[in-house]
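Scroll down for the structure; my scribbles are underneath it.
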Amino acid sequence: MLKIESDLWFGLLLVSMLLFATPTGLGWFERGQFSLYVALSYLLLILGILKNKPVLILASAFFAYVKWTSFPFLFVVIIVYLLSSKDRTEGIQNIRTSLIYLLIILLPSLLFRSKFIHFITGLYLQELHEIPVGISMAQLLPASIVKVLPLILIFLGYFYLRRNNKNFSHLVPYLIGSGILLLTYPTVAFEYNIPNLFCFIPLMFYWTKHSHFLGKVIRYAFFAFILLISFPDFLGSYLRGNNVLAGYLAVSIAFLLLPYLFPKRSLSQPMSEENLQLD
């Protein structure tokens, strides 16, 4: 679908190494978390939008329901998806797909209404009263700023859509930056959710598919970042917790700025001399 077959084996090897040979990957197994379902929901949603396949978008909702920590990022992507509508007909279709997406998540919740309310209440109290721990960005930035990050990201996504004629495929680095930043969004956030970012590995191959040196640097810098944060104890032996969070913030901002630096094309386009000049 993304025509990245030549990179498939490397991608599978990278994911396998991150899962089976890093503390974060082994921690994911130990705790029985659902991070790979979250990653799959992210990937299906983005693929569905990029390839205009509503069935993939709706399939994403079933995996998103498994773990609700996926919702902040999915909320950002869905709203930006709606804002990317180029005309009234496309807008109506996107609204219809988004409403069905919402219903797929809400209807099972209403079948277990009391547990649903109990969960929402507990989540609200946790976000309101718990002390930030783990990789929560609220340890570095004021909580009031952290909690409006999805709205800030939506505004930024709309700004980029206006600059590139509402071409969603140019937003891949923006989506990666948003995913990294929203990994630190919860008040209680731990490293075993890092596998959420695995969904961006095939998207990075897609975005830098035919690029030259610059694209390769960005690609492998992203892979190195995931590998590095998968060893939190190693990082902690050299850096304080706030410095690690500052690293998350810096990398996410770097990716969020790429659509601004390259507003009229994707790095999946071959680079000419003219393309290599920053706008």
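The values are calculated or read from the model by the stated rules, or taken from the named source; none is laboratory data. Predicted model only: the values in this text are computed from it and were never measured. Here the Cβ positions follow ideal geometry from the backbone for every residue, glycine too, while neighbour counts run over all protein chains shown.
Each row is one residue, and each column tells you yes or no for (1) exposed (fewer than 15 other Cβ atoms within 10 Å of the Cβ); (2) at pLDDT below 90; (3) under 27 Å from residue 10 (Cα atoms); (4) under 20 Å from the mean Cα position of the chain (by Cα).
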| residue | (1), (2), (3), (4) |
| --- | --- |
| 233 | yes, yes, yes, no |
| 242 | yes, yes, no, no |
| 245 | no, no, no, yes |
| 262 | no, yes, yes, yes |
Original post:
Of all residues in the range 203-222, how many are buried (at least 20 other Cβ atoms within 10 Å of the Cβ) and touching a helix residue (DSSP H, G or I) at 6+ places or on another chain (Cβ under 6 Å)?
Top reply: 6
**OP:** Check 65, 81, 37 and return the single one that is touching a residue at least 24 places away in the same chain (Cβ under 8 Å) and buried (at least 20 other Cβ atoms within 10 Å of the Cβ).
**Re:** 81
**OP:** Would you check which residues across the range 208-226 are assigned to a loop (DSSP other than H, G, I, E, B), within 16 Å of residue 11 (Cβ to Cβ) and either touching a Leu at 6+ places or on another chain (Cβ under 7 Å) or modelled with pLDDT of 85 or more (or both) and list them?
**Re:** 208
Original post:
Looking at 205, 200, which is the one that is under 29 Å from residue 23 (Cβ atoms) and touching an Asp or Glu at 6+ places or on another chain (Cβ under 8 Å)?
Top reply: 205
Original post:
Could you say whether any residue in the range 104-122 is within 30 Å of residue 244 (Cβ to Cβ) and surrounded by fewer than 18 Cβ atoms within 10 Å (Cβ to Cβ)?
Top reply: yes
